[in-house]
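Taking it in order: structure first as structure tokens, then the write-up.
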Amino acid sequence: MLHALVEPWRFGFMQRALLELVLVGIVGGVLGCWVVFYELSYSAESLAHALFPGLVVAALLGVPLVLGGAVGVLVAAVAVAVFGRTPEIGRDTSVAVVITTLFGLGVVLGLSPSSPPGLNELLFGDLLAVTPTDLAVAAALGSIVLVVLTLLYRELLVVGFDRSSAAAFGARPLLIDLVLLGLIAAVVIIGVQALGNLLVVAVIVGPAATARLLARRMVPMMALAAGCAVLAGLLGLYLSYYANLAGGASVAAVMVAGYLLALCVRGGLLLRASSAA
Amino acid sequence: MLEGVSFTLDPGKRIGVLGPNGGGKSTLFRTLLGELEPVSGSFAAVGGFGYVPQTERSRLDYPVSALDVALMGTLSRLPWWKRPGRKDREAARAALARVGLDGRAGTQFGELSGGQRQRVFVARALVQDARIMLLDEPFTGLDEPSAEQLEELLAQLAGEGRGILIATHDVDQVCAWDRVLCLNRRQVAFGPPVPTLSRSVLEQTYGGSIVAIPGEDGAGAGILPPHHHHHEGH
């Protein structure tokens, strides 16, 4: 049993995969708590897809993928933030229009005869191919995200609580929205290596949604979300190693299972509370 | 759009702000709070504003305690990146005690009653260290005992020398306060409530569609503005 637990970590690529998932899990879990309360899950999903054409362009130009992803996501983030505030269009419609346009552009570019092979890695990620450079980038970007979230904690709390009165308490809702979208973009860029841009949102939304069911204060919720994400990463890697499944998909599956388990636990707690009352 | 507004709020006084929905009550508050720039004119305030918004706009599923909400009042006083310190937490606890919620600091905001939530908001405005308090329809949806408790609290806060502006639809209630400000896209009237609230002023305020119900003690007791409604608590 002990041997089976230790066995996968003999390999450097498995160690790097785990470290990548720990980094992505902590940052994604903490950020995800704001994403669920700001109802930005759909925007996060869309930003991840908006990353795709950026990655394709970067691959075509031969520049680092992080750079391409960053530019693609920034363009989408600004477009979503600006059009989402136009009352006649509405947030969901504007997001859909922006993202379909960008995703379509990526597909057109990606299917051109001169496009490089391996586009499915951009879509699904490749956990086992994480390099030390990827880890360094993830650690640096992740630290920035956590520092910004710490500094803006009180403003995020006020705006998320009641946007309409936030300005009366000295908060800046538009700035907070833009910062949050920028941070989502950063986490998507960190996570795309591990999970691919089709699954990266799982690490932002899944653990936070799970923690929301169980925690009663914001900071414990963040700790719980980060813990859930790291645990899901670990279990997902075991699953991937022993069941010979794709890494990113295994991690995402464990996150969904964790959410369902939390639903049951919470249901049990509520039941017990109502029978005790 | 709101024009021709001119009034004075003295320390220790309560002004009831009457007007139809869309009549300019929110516009007035947002201008005073600095969210809107007046096209022309100006106002001078001694000391800061504390704001008590409508409670139904805030999320009840939010992972915050009553103390967390009261501490939100420190945001406008501290630099944006700074965490509240021990002193701020003490001030927030004292504000909660002040509104009669000392035992409730750790309770989840969404689990409080409507009246308690309203008083948490008053505590938050106190943490803002406000000499002037703006309350946006604070009595909406409150049951009788909660409303009485809030009314008493506002009287005490006024007694401490704070100036209080209260948006409301309740004409009877306003009569117990010091001044009334009637708005309907312009200032219809301002003055002591009982002489000011004539039938003609009320008609101008509510657009000529008021319903007079014969009251047992005459005028004022039974006037029902068209937007007078009590939301049931959720």
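The values are calculated or read from the model by the stated rules, or taken from the named source; none is laboratory data. Just so we're clear, the structure is a prediction, and the values are computed from it rather than from any experiment. Note that each Cβ is placed from the backbone with ideal geometry, even for glycine, and that neighbours are counted across all protein chains shown.
Of note:
- Test: residue in region A:113-125 that is part of a loop (DSSP other than H, G, I, E, B), buried (at least 20 other Cβ atoms within 10 Å of the Cβ) and modelled with pLDDT of 80 or more: yes
- Scanning region A:144-160 for residues that are out of contact with any helix residue (DSSP H, G or I) (no Cβ under 7 Å at 6 or more places or on another chain) and facing chain B (nearest Cβ under 7 Å) gives A:Leu151, A:Arg154.
- Restricted to region A:171-195, and to residues there that are of a type outside the set (A, V, I, L, M) and part of a helix (DSSP H, G or I), the residue that is farthest from the other protein chains (Cβ to nearest Cβ) is A:Gln193.
- Candidates A:Ala257, A:Ala249, A:Ala226, filtered to the one that is among the aliphatic types (A, V, I, L, M), away from chain B (no Cβ under 14 Å), in a helix (DSSP H, G or I) and under 16 Å from A:Val36 (Cα atoms): A:Ala226
- Being over 19 Å from the mean Cα position of the chain (by Cα), surrounded by fewer than 13 Cβ atoms within 10 Å (Cβ to Cβ), within 14 Å of chain A (Cβ to nearest Cβ) and within 24 Å of A:Phe37 (Cβ to Cβ) holds for only one residue in B:Gly110, B:Gly106, and it is B:Gly106.
- Where helices (runs of 4 or more DSSP H) fall wholly inside region B:1-101, the ranges with 2 or more residues that are without any contact (Cβ under 8 Å) to a residue 12 or more places away in the chain, more than 13 Å from chain A (Cβ to nearest Cβ) and of a type outside the set (Asp, Glu) are B:86-98.
- Boolean, B:Phe139 is modelled with pLDDT under 95 and within 15 Å of the chain's Cα centre (by Cα): yes
- Residue match in region A:196-204 (condition: within 14 Å of another protein chain (Cβ to nearest Cβ) and not small (Gly, Ala, Ser)): no
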